[in-house]
Amino acid sequence: MAETPYGFDTLQIHAGARPDPATGARQTPIYQNSGYVFRDADHAAALFNLQEVGYIYSRLTNPTVMTLAERIASLEGGVGAVCTSSGHAAQIMALFPLMQPGDNIIASTRLYGGTVTQFTHTIRRFGWEARFVDTDDLAAVEALADGRTRAIFAESIANPGGYVTDIPALAEIAGRIGVPLIIDNTSASPYLCRPIEMGATIVVHSTTKFLTGNGTVIGGCIVDSGKFDWLASDRFPSMTEPEPAYHGLKFAETFGPMAYTFHGIAIGLRDLGMTMAPQNAFLTLLGTETLSLRMQKHVANAEAVAAWLEKDDRVESVTYAGLASSPWYDRAKRLYPRGAGSLFTFALKGGYDACVKVVNSVELFSHVANLGDARSLIIHSASTTHRQLTPEQQKAAGADPSMLRLSIGIEDPADLINDLDQAMAKAM
Ligand SMILES: *Cc1c(COP(=O)(O)O)cnc(C)c1O
């Protein structure tokens, strides 16, 4: 499907899906199933040797989950994708084929708080290191690279501040260093941003957010552009060296542009087991069908609410790249012409205390540590999602203690504005 001339609105409904071969069912069935019957012993052997593609066991592949993987790959313009149990699992799974103990990645300081924590502490136990840097300082990004650097990692639109990343500039550096550029495209979704078209190698998602769009399931996805030349250096032995657990098979040599995707399934899911459940894939498939419509409404509502907040006396500042006052406005217009997303923060003149009171006083907004829901959500990042970060990390991530983060939903914008107005009146 990825090669067809269909437009985005068509692909989000049809890519990866076909009438069920057994029943003709038009909607993708939930294959709530763990094992698959082999035709005979030779068929089983061919599947286990990766000589034939098919279904063995749902830790590796499942028809409902594969439909979602194909759909997201198609929407992102990639050659293949692997769905995972969560967005955080997708990040570990994305790095796993690239990294050996002692290797490092260069990561943006402006990342989802949980990702900063995962990269600061947890990946160290694998012997991996993340070197954080302001990705607007391109010279500093390049200066951090050394012989053990294996990837550059950033978010397209960075949660919580609504900061927008210059993906083409980072892609150029990644190309010079000779490592993949990994973009977390969760907050933008492929409707607002297609990182692969801007030179990214790999895209990761928390499908929990806009792709599902209704706050029902946790999930993740890794999309590969198929464009990275693994054989150009000896830095990625998992991709290029004989794999002992597959009789010495070499992924890059055997699978070409599909090498990274096959590795993700055959090694990553097989041995790490961070598998998406078919029921979750089904709910996310339903969400993808309306992605473009929802994103247009998310953006329109975010623009209306941000513009109203910016004019309000009780508000110190609003960081939304869709506002002309944003330092990233021009970059957003150039790279993200369909809109700068629906996540942003605003600072209250009343500081930390006023923020906590607003969170306690909203009626329509929900106080929730999630984003990309059809419902509008509010959170005080400094005391919740970014709580584990140091004050310096909070500031760098755009999660100042006087700031509230909004994930603007698809309700009537006037109702959202009225709710914030009454909550701020109670708080200040
Ligand atoms: C939520 C989120 C994650 C983590 O995803 P989970 O599905 O919660 O594991 C990673 N990156 C971004 C940008 C997110 O918003």
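Overview of results
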| item | result |
| --- | --- |
| Residues being open to solvent by less than 10 Å² (accessible area, probe 1.4 Å), over 19 Å from GLY322 (Cα atoms), within 16 Å of the ligand (Cβ to nearest atom) and not in a strand (DSSP E or B) - total across segment 339-384 | 1 |
| When residues of segment 385-423 are limited to those that are among the basic types (Lys, Arg) and within 16 Å of the ligand (Cβ to nearest atom), the one farthest from PRO160 (Cα to Cα) | ARG387 |
| Tally of residues being open to solvent by 80 Å² or more (accessible area, probe 1.4 Å), among the hydrophobic types (A, V, I, L, M, F, W, C) and in a loop (DSSP other than H, G, I, E, B) across segment 2-54 | 3 |
| Number of the exception - ASP330 against (1) touching a residue at least 40 places away in the same chain (Cβ under 8 Å); (2) more than 16 Å from the ligand (Cβ to nearest atom) | (1) |
| Number of the condition not met by THR67 [criteria: (1) closer than 21 Å to THR275 by Cα; (2) outside any helix (DSSP H, G or I)] | (2) |
| Pairs, first within 22 Å of GLY77 (Cα to Cα) in segment 234-262, second open to solvent by 40 Å² or more (accessible area, probe 1.4 Å) and not in a helix (DSSP H, G or I), C-beta under 6 Å, six or more apart | PRO257/VAL79 |
| Scope segment 192-215; condition surrounded by fewer than 24 Cβ atoms within 10 Å (Cβ to Cβ) and either more than 12 Å from the ligand (Cβ to nearest atom) or without any contact (Cβ under 8 Å) to a residue 40 or more places away in the chain (or both); matching residues | ARG194, GLU197, MET198, GLY199, ASN214 |
| Any helices (runs of 4 or more DSSP H) falling wholly within segment 252-315 and containing at least 2 residues that are out of contact with any helix residue (DSSP H, G or I) (no Cβ under 7 Å at 6 or more places or on another chain) and of a type in the set (S, T, N, Q) | 278-288 |
| Per-region count, segment 92-119, residues over 16 Å from ASN159 (Cα atoms) and touching a residue at least 40 places away in the same chain (Cβ under 8 Å) | 14 |
| Lone qualifier among THR61, THR122 - being among the hydroxyl-bearing types (Ser, Thr, Tyr) and without any contact (Cβ under 8 Å) to a residue 40 or more places away in the chain | THR122 |
| Looking only at segment 216-248, and only at residues there that are in a helix (DSSP H, G or I) and aromatic (Phe, Trp, Tyr), the one that is farthest from the ligand (Cβ to nearest atom) | TYR246 |
| Any chance ALA281 is within 18 Å of the chain's Cα centre (by Cα) and either buried (at least 18 other Cβ atoms within 10 Å of the Cβ) or not assigned by TED's automatic domain parsing to the domain that holds SER381 (or both) | yes |
| Tally of residues being touching a residue at least 40 places away in the same chain (Cβ under 8 Å) and open to solvent by 60 Å² or more (accessible area, probe 1.4 Å) across segment 297-318 | 3 |
| Qualifying helices (runs of 4 or more DSSP H) (wholly inside segment 80-171; at least 2 residues being away from the ligand (no atom under 14 Å from the Cβ)) | 138-143 |
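The values are calculated or read from the model by the stated rules, or taken from the named source; none is laboratory data. Note that this is a predicted model, so its numbers are computed, not measured. Don't worry about glycine lacking a Cβ; one is built from the backbone with ideal geometry, like all the others, and counts go over all protein chains shown. Protein only, heavy atoms only, side chains kept; ligands, DNA and RNA dropped before computing areas. Shrake-Rupley method; radii C 1.70, N 1.55, O 1.52, S 1.80 Å.
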